[in-house]
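Please read the structure below before turning to the comments.
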Amino acid sequence: MTDAAATQPSNAAFTPRVFSGIQPSGDLHLGNYLGALKRFADAQNQGIETVYCMVDQHAITVWQDPAELRRSTRELAAGFIASGIDPAKSILFNQSQVAEHAQLAWVFNCVARMGWMQRMTQWKDKAGKNQQNASLGLFAYPSLMAADILLYHATHVPVGEDQKQHLELTRDIATKFNNDFGVDFFPITEPVITGTATRVMSLRDGAKKMSKSDPSDASRINMTDDADTIAKKIRKAKSDADALPSEAKGLEERAEARNLVNIYAAMADMSVDAVLAEVGGKQFSEFKPMLAELAVEKLAPISAEMARLMQHEDEIDAILRAGADRARAIAAPILQKTYDIVGMIR
Ligand code: TYM
């Protein structure tokens with residue numbers, strides 16, 4: 001992935017292992033695909049050990065309808081598999097099946113400080129003005145996330161830009177635990193936020209992140225959208241009246257144009273400069289159909305495969321159970337060792 005971990009002396013003893021998670025709390029969108037799933041598949045195909053989790057315990061920090069949570073978890077599993085995550089190569093499971101996540105999170109609740117949590121922008125955004133009415137789980141969310149990662153001694157965590165602060169907190173928790181107990185037990189995990197699509201923006205507003213919570217469905221491409229819907233949303237995406245520049249510098253003040261070019265680059269596995277070398281000088285009336293065609297070519301087979309897999313819920317559940325067994329085999333000894341370090345009798 002990167003050799004950054006090699007530069008961290010305290011990480012030298014840890015075998016490279018990738019961990020990442022996605023919440024099963026509604027429709028997967030293009031931001032999740034380009035910022036996470038596609039990169040998860042790339043990491044898997046580099047031959048590194050990869051562990052991917054559907055974080056259902058994170059999802060319930062805000063209200064989830066139980067039937068809908070079950071459906072979303074299965075649909076997310078289908079999304080992982082359809083995006084190229086092979087359950088034989090990667091460990092794929094849902095968080096609540098591996099109790100060690102919640103157990104380590106409790107230890108970390110006692111390591112992390114209130115002030116650290118209060119500074120989290122996602123907490124402030126999600127709790128809004130009425131923090132007193134937010135769940136305790138929402139406040140402690142980043143501590144559970146640190147547990148997800150450190151329970152596997154993960155060295156690398158591919159995520160989108162919006163998770164950067166949580167990963168810094170994970171490093172703070174690992175560092176404080178190691179210092180408090182005088183050990184070198186938890187790695188100082190490297191966030192991996194690379195590529196052109198670590199912050200895919202709304203199709204309606206280049207200043208806003210593409211998000212499942214945006215009330216406008218036209219603002220995002222859902223992984224379950226059919227070919228016509230994908231093409232229509234791209235045709236209607238906000239752009240501007242100028243021709244595309246031939247260098248990335250020319251996109252600096254053009255948020256919507258930059259977003260559409262970034263999306264094209266990520267989907268085509270090209271650099272922004274290479275894309276602009278091809279499309280520089282074109283108007284959006286010409287570029288948008290190219291983007292729509294590429295998006296349909298890449299996404300339509302994924303959404304078709306998700307729909308097919310969703311016909312076989314039992315198979316999905318079996319994959320998640322088998323993944324949880326493999327995850328537990330790594331997690332249980334690390335939790336036990338943590339308990340030993342903390343001074344708990346077993
Ligand atoms: P979540 O479920 O909100 O998002 C899953 C992944 O998708 C990325 N992402 C985006 N990337 C680019 N552009 C966007 N518009 C966009 N929107 C979402 C996110 O950055 C993320 O990588 N807290 C995490 C889940 C989590 C986790 C973990 C991640 C729990 N434990 C341990 C890594 C490691 C979250 O809510 O992601």
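The values are calculated or read from the model by the stated rules, or taken from the named source; none is laboratory data. Treat the numbers as computed from the prediction; the structure is a model and nothing was measured. Cβ placement follows ideal geometry from the backbone for every residue including glycine, while neighbour counts extend to all protein chains displayed.
When the range 104-154 is filtered for residues that are in a loop (DSSP other than H, G, I, E, B), surrounded by fewer than 15 Cβ atoms within 10 Å (Cβ to Cβ) and either touching a strand residue (DSSP E or B) at 6+ places or on another chain (Cβ under 6 Å) or free of Cβ contacts under 8 Å to residues at least 60 places away in the same chain (or both), the ones remaining, listed by number, are 110, 113, 119, 128, 129, 130.
Would you check if residue 233 is at pLDDT 95 or above, surrounded by fewer than 18 Cβ atoms within 10 Å (Cβ to Cβ) and either closer than 20 Å to residue 284 by Cβ or more than 15 Å from the ligand (Cβ to nearest atom) (or both)? Taking the combined requirement at face value, the residue does not satisfy it. Within the range 22-30, is there a residue that is in contact (Cβ under 8 Å) with a residue 40 or more places away in the chain, under 30 Å from residue 177 (Cβ atoms) and surrounded by fewer than 19 Cβ atoms within 10 Å (Cβ to Cβ)? The answer is no, given that none of the residues of the range 22-30 is in contact (Cβ under 8 Å) with a residue 40 or more places away in the chain, under 30 Å from residue 177 (Cβ atoms) and surrounded by fewer than 19 Cβ atoms within 10 Å (Cβ to Cβ).
Within the range 174-201, being more than 7 Å from the ligand (Cβ to nearest atom), small (Gly, Ala, Ser) and touching a residue at least 60 places away in the same chain (Cβ under 8 Å) holds for one residue alone: 195. Among the residues of the range 32-42, those identified as touching a residue at least 24 places away in the same chain (Cβ under 8 Å) and either more than 6 Å from the ligand (Cβ to nearest atom) or more than 9 Å from the chain's Cα centre (by Cα) (or both) are 33, 34, 37, 38, 39, 40, 41.
Residues that are touching a residue at least 24 places away in the same chain (Cβ under 8 Å) and closer than 30 Å to residue 178 by Cβ are absent from the range 275-282 altogether.
If you go through the range 11-25 and pick out every residue that is in contact with a Ser or Thr (Cβ under 9 Å, 6 or more places away or on another chain), more than 9 Å from the ligand (Cβ to nearest atom) and not polar (S, T, N, Q), you end up with 4. Restricting the range 102-154 to residues that are away from the ligand (no atom under 11 Å from the Cβ) and among the charged types (D, E, K, R) leaves a set whose member that is farthest from residue 185 (Cα to Cα) is 129. Total residues in the range 298-320 satisfying the condition of being farther than 15 Å from residue 84 by Cβ and either in contact with a strand residue (DSSP E or B) (Cβ under 8 Å, 6 or more places away or on another chain) or of a type in the set (Ser, Thr, Tyr) (or both): the figure is 1.
Would you check if residue 243 is modelled with pLDDT of 95 or more, hydrophobic (A, V, I, L, M, F, W, C), within 30 Å of residue 285 (Cα to Cα) and not in a helix (DSSP H, G or I)? It is true that residue 243 is modelled with pLDDT of 95 or more, hydrophobic (A, V, I, L, M, F, W, C), within 30 Å of residue 285 (Cα to Cα) and not in a helix (DSSP H, G or I).
Condition (residue is assigned to a loop (DSSP other than H, G, I, E, B), more than 14 Å from residue 146 (Cα to Cα) and touching a Lys or Arg at 6+ places or on another chain (Cβ under 9 Å)) applied to the range 160-175: is it met by at least one residue? Among the residues of the range 160-175, at least one is assigned to a loop (DSSP other than H, G, I, E, B), more than 14 Å from residue 146 (Cα to Cα) and touching a Lys or Arg at 6+ places or on another chain (Cβ under 9 Å), which makes the answer yes.
The set of residues in the range 295-346 that are within 30 Å of residue 265 (Cβ to Cβ), acidic (Asp, Glu) and touching a helix residue (DSSP H, G or I) at 6+ places or on another chain (Cβ under 8 Å) contains only 305.
Restricting to the range 155-173, and then to whatever is buried (at least 23 other Cβ atoms within 10 Å of the Cβ) and not β-branched (Val, Ile, Thr), can you tell me which residue is nearest to the ligand (Cβ to nearest atom)? Looking at the filtered set, the residue picked out is 158. For the range 292-314, a tally of residues being surrounded by 14 or more Cβ atoms within 10 Å (Cβ to Cβ) and more than 20 Å from residue 33 (Cβ to Cβ) returns 1. Just to be sure, is residue 89 of a type outside the set (Ser, Thr, Tyr), within 16 Å of the ligand (Cβ to nearest atom) and surrounded by fewer than 16 Cβ atoms within 10 Å (Cβ to Cβ)? Judged against the criteria, residue 89 is not a match. Of all the residues in the range 202-212, those that are surrounded by fewer than 22 Cβ atoms within 10 Å (Cβ to Cβ) and in contact (Cβ under 8 Å) with a residue 60 or more places away in the chain number 3.
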